[in-house]
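The values are calculated or read from the model by the stated rules, or taken from the named source; none is laboratory data. Keep in mind that what you see is a predicted model, and the values were worked out from it rather than measured. All Cβ positions, glycine included, derive from the backbone under ideal geometry; neighbour counts span all protein chains shown. Accessible surface areas use protein heavy atoms only, side chains included; no ligands, DNA or RNA. Shrake-Rupley method; radii C 1.70, N 1.55, O 1.52, S 1.80 Å.
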Amino acid sequence: MRRSCAMNAPFPPDLRPELHRRVLDWYADHARVLPWREPGCSPWGVLVSEVMLQQTPVARVLPQWEAWTARWPTPSDLAADAPGEAVRMWNRLGYPRRALRLHAAAVAIRDEHGGQVPDDHAALLALPGIGAYTAAAVASFAFGQRHAVVDTNVRRVHARAVTGDAEPAAALTAAENRLAVALLPDDEATAARWAVAVMELGALVCTARAPRCDDCPLLERCAWVLAGRPPHTGPARRGQAWAGTDRQVRGRLLAVLRESPDPVTAEGLAACWADAGQRDRCLDGLVADGLVEPLDDGRFALPRT
DNA sequence: GAAACGTGGAC
DNA sequence: TGTCCAAGTTT
């Protein structure tokens with residue numbers, strides 16, 4: 001094992017029941033009504049929501065999720081369409097590779113899992129675009145299993161309420177995972193409820209910018225509050241540049257292709273960015289990523305195969 | 001482990 | 001008004 005066990009001291013087991021009760025009671029009264037939380041929502045609907053919600057706010061996901069699940073009610077429905085249709089339907093959700101990977105996941109589910117979203121964590125993790133968080137989230141939310149579901153909301157709640165820090169570390173650490181596992185209720189159904197409840201607390205109350213501590217069920221037990229709300233000590237996380245970056249160019253190129261019902265000529269793409277060198281490089285990148293397909297006639301299209 | 005990867009609302 | 005931030009994954 002490792003160094004510094006003191007820093008990784010296990011959470012006191014005797015405090016867990018109170019923690020669980022406070023958060024679960026709060027969730028019972030304050031959970032948002034979201035379509036992917038409805039009892040009738042399929043595992044596929046949950047999976048689609050989780051991928052869409054990666055780095056994307058709920059408010060922007062809602063209409064896209066409705067459109068996607070209406071058009072493709074099952075993985076096989078999506079797998080039967082061209083991947084470019086998934087990219088087109090992604091609209092402006094951002095990170096369009098997620099759409100491509102969701103399509104690839106649908107193909108894998110159809111071909112390797114009989115068209116049913118697998119309920120096994122390892123099988124979920126093996127799907128394209130499904131990482132540690134999403135695999136645990138789907139296994140927990142869709143199938144009621146007991147998993148540590150660690151997203152940015154959960155990390156923030158744990159950092160403040162349990163560890164006493166204003167913010168979690170820049171990247172997910174092994175200690176954070178161990179803590180999340182240690183906090184998990186023993187009972188499977190309760191663990192699944194706990195997972196979504198902690199996330200909801202982070203999303204609605206224990207927020208990044210201005211936490212609503214007065215509304216928090218953990219206020220009297222919050223390590224960060226009890227420590228006097230010390231400011232974050234670590235390095236400030238640096239923001240992402242945007243203007244003039246390849247990401248902006250890629251976004252513009254893909255927007256042109258999404259909005260055109262037909263393949264687009266090189267001239268049609270040239271209008272969206274003046275710097276030909278950067279434009280061509282980004283277009284090559286999109287082709288390499290499989291988001292754009294070059295046609296034999298020199299035009300470009302969203303991927304058809 | 002760092003860097004790349006979209007987009008738009010909020011403050 | 002520009003920065004911050006949103007249910008991460010991949011290389």
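Answer with yes or no whether A:R281 is within 17 Å of A:N91 (Cα to Cα) and of a type in the set (K, R).
Working: within 17 Å of A:N91 (Cα to Cα): no; of a type in the set (K, R): yes.
Answer is no for this residue.
Checking the structure you have, find out if any residue of the range A:143-153 is more than 16 Å from the chain's Cα centre (by Cα), near DNA strand C (Cβ under 9 Å from one of its atoms), within 21 Å of A:P217 (Cβ to Cβ) and acidic (D, E).
No, the range A:143-153 has no match at all.
For the range A:103-141, which positions are away from DNA strand B (no atom under 16 Å from the Cβ), open to solvent by less than 30 Å² (accessible area, probe 1.4 Å) and within 24 Å of A:G84 (Cβ to Cβ)?
If the condition is that a residue be away from DNA strand B (no atom under 16 Å from the Cβ), open to solvent by less than 30 Å² (accessible area, probe 1.4 Å) and within 24 Å of A:G84 (Cβ to Cβ), then A:A105, A:A106, A:A108, A:I109, A:G115, A:V117, A:L127 are the ones that fit.
Conditions (1) closer than 23 Å to A:G290 by Cα; (2) assigned to a loop (DSSP other than H, G, I, E, B); (3) aliphatic (A, V, I, L, M); (4) within 13 Å of DNA strand C (Cβ to nearest atom), marked per residue:
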site	(1), (2), (3), (4)
A:W44	no, no, no, no
A:P63	no, no, no, no
A:E66	no, no, no, no
A:D77	yes, no, no, no
A:R101	yes, no, no, yes
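Here are the criteria: (1) surrounded by fewer than 16 Cβ atoms within 10 Å (Cβ to Cβ); (2) in contact (Cβ under 8 Å) with a residue 40 or more places away in the chain; (3) within 26 Å of A:G285 (Cβ to Cβ). Tell me which single one A:V58 does not satisfy.
(3) is the only condition that A:V58 fails.
May I ask you to list the residues in the range A:25-42 that are open to solvent by 40 Å² or more (accessible area, probe 1.4 Å) and either more than 13 Å from DNA strand C (Cβ to nearest atom) or in contact with a strand residue (DSSP E or B) (Cβ under 7 Å, 6 or more places away or on another chain) (or both)?
Hits for the range A:25-42 are A:D25, A:A28, A:D29, A:P39, A:G40, A:S42.
Return yes when A:V162 is within 14 Å of DNA strand C (Cβ to nearest atom), β-branched (V, I, T), within 30 Å of A:T233 (Cβ to Cβ) and not assigned by TED's automatic domain parsing to the domain that holds A:V48 and no when it is not.
Values: within 14 Å of DNA strand C (Cβ to nearest atom): no; β-branched (V, I, T): yes; within 30 Å of A:T233 (Cβ to Cβ): yes; not assigned by TED's automatic domain parsing to the domain that holds A:V48: yes.
Spelling it out, it is not the case that A:V162 is within 14 Å of DNA strand C (Cβ to nearest atom), β-branched (V, I, T), within 30 Å of A:T233 (Cβ to Cβ) and not assigned by TED's automatic domain parsing to the domain that holds A:V48.
Exactly one of these conditions fails for A:L257: (1) of a type in the set (A, V, I, L, M, F, W, C); (2) more than 11 Å from DNA strand B (Cβ to nearest atom); (3) assigned by TED's automatic domain parsing to the domain that holds A:L283. Give me its number.
Checking A:L257 against (1) of a type in the set (A, V, I, L, M, F, W, C); (2) more than 11 Å from DNA strand B (Cβ to nearest atom); (3) assigned by TED's automatic domain parsing to the domain that holds A:L283, the one that fails is (2).
Quick check: is even one residue across the range A:251-272 exposed (fewer than 15 other Cβ atoms within 10 Å of the Cβ), touching a residue at least 40 places away in the same chain (Cβ under 8 Å) and within 16 Å of DNA strand C (Cβ to nearest atom)?
Checking the range A:251-272: not a single residue is exposed (fewer than 15 other Cβ atoms within 10 Å of the Cβ), touching a residue at least 40 places away in the same chain (Cβ under 8 Å) and within 16 Å of DNA strand C (Cβ to nearest atom).
Answer with yes or no whether A:L15 is in contact (Cβ under 8 Å) with a residue 24 or more places away in the chain and under 23 Å from A:C206 (Cβ atoms). Show your work before the answer.
Details: in contact (Cβ under 8 Å) with a residue 24 or more places away in the chain: yes; under 23 Å from A:C206 (Cβ atoms): yes.
For A:L15, the condition - in contact (Cβ under 8 Å) with a residue 24 or more places away in the chain and under 23 Å from A:C206 (Cβ atoms) - is met.
Could you tell me whether any residue of the range A:281-290 is over 16 Å from A:R97 (Cα atoms), within 30 Å of the chain's Cα centre (by Cα), assigned to a loop (DSSP other than H, G, I, E, B) and not charged (D, E, K, R)?
Taking the range A:281-290 first, the residues over 16 Å from A:R97 (Cα atoms) are A:281.
Restricting the remaining residues to those that are within 30 Å of the chain's Cα centre (by Cα) gives A:281.
Filter once more, so that each one left must be assigned to a loop (DSSP other than H, G, I, E, B): none.
Checked the range A:281-290: no residue is over 16 Å from A:R97 (Cα atoms), within 30 Å of the chain's Cα centre (by Cα), assigned to a loop (DSSP other than H, G, I, E, B) and not charged (D, E, K, R).
So A:E220 passes all but one of these: (1) in contact (Cβ under 8 Å) with a residue 40 or more places away in the chain; (2) away from DNA strand B (no atom under 16 Å from the Cβ); (3) in contact with a Leu (Cβ under 9 Å, 6 or more places away or on another chain). Which condition number does it fail?
Failed condition: (1).
Could you grab me the full set of residues in the range A:219-250 that are surrounded by 10 or more Cβ atoms within 10 Å (Cβ to Cβ), part of a loop (DSSP other than H, G, I, E, B) and in contact with a helix residue (DSSP H, G or I) (Cβ under 9 Å, 6 or more places away or on another chain)?
Selection gives A:C222, A:R229, A:P230, A:G244.
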